[in-house]
1. From ALA125, ALA205, ALA169, which residue is part of a helix (DSSP H, G or I), within 16 Å of the ligand (Cβ to nearest atom) and aliphatic (A, V, I, L, M)?
2. Take TYR151 and tell me if it is of a type in the set (Ser, Thr, Tyr) and part of a loop (DSSP other than H, G, I, E, B).
3. Within the range 20-38, does at least one residue satisfy the condition of being on the phi > 0 side of the Ramachandran plot, loosely packed, with under 14 Cβ neighbours inside 10 Å and within 24 Å of the chain's Cα centre (by Cα)?
4. Tally time: how many residues in the range 299-318 are hydrophobic (A, V, I, L, M, F, W, C), surrounded by fewer than 14 Cβ atoms within 10 Å (Cβ to Cβ) and touching a Gly at 6+ places or on another chain (Cβ under 8 Å)?
5. Please go through the range 225-240 and give me each residue that is within 10 Å of LEU147 (Cβ to Cβ) and either within 12 Å of the ligand (Cβ to nearest atom) or touching a strand residue (DSSP E or B) at 6+ places or on another chain (Cβ under 6 Å) (or both), ordered by number.
6. Across the range 204-225, what is the total count of residues that are crowded, with 22+ Cβ neighbours inside 10 Å and out of contact with any Asp or Glu (no Cβ under 8 Å at 6 or more places or on another chain)?
7. With the structure loaded, tell me whether GLY192 is more than 19 Å from the chain's Cα centre (by Cα), outside any helix (DSSP H, G or I) and free of Cβ contacts under 8 Å to residues at least 60 places away in the same chain or whether it fails that test.
Amino acid sequence: MDKPLPAALDIPARSLRAVWHPCTQMKRHEQAPPLEIVSGEGVWLTDAKGRRVVDAISSWWVNLFGHNQPSIKAAIRAQMDRVEHVMLAGLTHAPVVQLSEALAARTGLSHAHYGSDGSSATEIALKLSAHYWRNVGRPEKNRFIGLAGGYHGETVGALSVTDIPLFRANYGPLLRVSATVPVPDARARPTGMEQSQWVAHCVRALEAHLEVHAHETAALIVEPLVQCAAGFVMIAPQYLTRARELCTHFDVHLVADEIAVGMGRTGTFLACEQAGVRPDFVCLSKGLTGGYLPLSVVLTTDSIYHAFYDDDVALGFLHSHSYTGNPLACSAALATLALLNDAQLIANSERATILDAVFAPLTAHPRLIHARRLGMIWAWDVDGAPADFARHFAAAALKRGALLRPIGNTIYFMPPYVIDDDAATLLRDAALGALATVLTTATHPQASSPPLP
Ligand SMILES: *Cc1c(COP(=O)(O)O)cnc(C)c1O
């Protein structure tokens, strides 16, 4: 047995002894311990010393309406007084039914299968797609296509369709090879090529791949409009529209991973709506519960659902997780959907325009290039960033009261929708101040730091 911990150790020190933190090289914490958060209110988090910071990245993109949100909290409390959890095989409950109906009404996809986090939603969508083709007598259609730089989670199946070398490299032998096609990232557009030609070029690459491989391909998986983990690559909706047409033409499913971009983040409830596209599968998680509880869902069509509907048990989709459709999480999601009505989506877009003006000094900054925004996501790239930029910038911004985590050389804001002008101004000034510090103390431009989200 370990000895009891000396009382002198504070929470951050004890965290480093006992908690293996995600997406973190633990040794780096020798220089800066994790920040202990004791409470949250709206866009603000308060640390153990009573200092407040703006949660400008919505706690890894999950929080939509702020911390300590009254109606989401009340919904969870009310459900807790009824029943906290029951298994969803053989049993059902009102929150999961209401949520499935509400999501069907919003997306036109009428069947909802639940998981506990984003990666499990990716796994469910991939398995459903391949299993569908098997059920309809085409088992050879079991390969997947992803976009360059795509991120779909880090469990083994999800990592197989993720194209971020830092996350993949150590697990290569465990992963099933999937194909990667080019993405029309405006920043990578060859000189002399128009944006529309660049989109057409990438569409053509997808088409060429499908011409050869459609017979063995189950699905194309994409992050619609914004590849967040890749460094906020923004993709013209025309690409998605054309990709949908090609998938239909070549009899390949389209999986829309809306885990980060769904729930209004890009301005519409689903990002796909901006391309006028209905995918065969939509994955939602992150903002689904407003940042309160882990929950994910895969939504799909009647025709896919019916390919599993049979007297034969083995044709059914037998996938399960212990906490599938947890009633507390479903109640949080219902309360979140009630907040995220059409009026709120319009209000968000009006807010975003006002915030553009607040953030204008960043866009005008001589060292920030490729300013881009979609909905409530802002991003800028640092021109000639010094080595380890992301880490130094994050530390400098935190000192100034903003929780930011650049990805490589890309600074981004993805705040809760309720950010007000005061918090936005503080955020902007913290980013400008951090930029000044990091760019003056480190002089020689070098390869960027690893792009940890
Ligand atoms: C975060 C994310 C995932 C994985 O979700 P987890 O809950 O972290 O497993 C998958 N796809 C996208 C686009 C994401 O942003």
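The values are calculated or read from the model by the stated rules, or taken from the named source; none is laboratory data. Note that the coordinates shown come from a computational prediction; the quantities given were computed from them, not determined experimentally. A quick note on method: Cβ atoms are made from the backbone with ideal geometry, for glycine too, and the neighbour counts reach across all protein chains shown.
1. On the way: ALA205 fails: within 16 Å of the ligand (Cβ to nearest atom); ALA169 fails: within 16 Å of the ligand (Cβ to nearest atom).
Within the list ALA125, ALA205, ALA169, the selection yields ALA125.
2. Details: of a type in the set (Ser, Thr, Tyr): yes; part of a loop (DSSP other than H, G, I, E, B): yes.
So TYR151 fits the description; yes.
3. Going through the range 20-38, the residues on the phi > 0 side of the Ramachandran plot turn out to be 23.
Still in the list and also loosely packed, with under 14 Cβ neighbours inside 10 Å: 23.
Adding the requirement that they be within 24 Å of the chain's Cα centre (by Cα) leaves 23.
Checked against the condition, which is being on the phi > 0 side of the Ramachandran plot, loosely packed, with under 14 Cβ neighbours inside 10 Å and within 24 Å of the chain's Cα centre (by Cα), the range 20-38 yields at least one hit.
4. Filtering the range 299-318 down to residues hydrophobic (A, V, I, L, M, F, W, C) leaves 299, 304, 307-308, 313-315, 317-318.
Now drop any that are not surrounded by fewer than 14 Cβ atoms within 10 Å (Cβ to Cβ), which leaves 313-314, 318.
Going one step further and asking which of them are touching a Gly at 6+ places or on another chain (Cβ under 8 Å), we end up with none.
Residues meeting the conditions: 0.
5. Of the residues in the range 225-240, the ones within 10 Å of LEU147 (Cβ to Cβ) are 227, 230, 233, 235, 239.
Scanning the range 225-240 gives GLN227, ALA230, VAL233.
6. Quick first cut of the range 204-225, residues crowded, with 22+ Cβ neighbours inside 10 Å only: 206, 210, 217-225.
Add one more test, that the residue is out of contact with any Asp or Glu (no Cβ under 8 Å at 6 or more places or on another chain), and what stays is 206, 210, 217-218, 220, 225.
Qualifying residue count, the range 204-225: 6.
7. Values: more than 19 Å from the chain's Cα centre (by Cα): yes; outside any helix (DSSP H, G or I): yes; free of Cβ contacts under 8 Å to residues at least 60 places away in the same chain: yes.
The answer is yes for GLY192.
Yes or no, residue by residue, for (1) part of a strand (DSSP E or B); (2) closer than 30 Å to PRO34 by Cβ; (3) in contact (Cβ under 8 Å) with a residue 60 or more places away in the chain:
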position	(1), (2), (3)
LEU299	yes, no, yes
TYR305	no, no, yes
LEU318	no, no, no
ALA332	no, yes, yes
ALA338	no, no, yes
GLU350	no, no, no
THR353	no, no, no
ALA379	yes, yes, yes
PHE393	no, yes, no
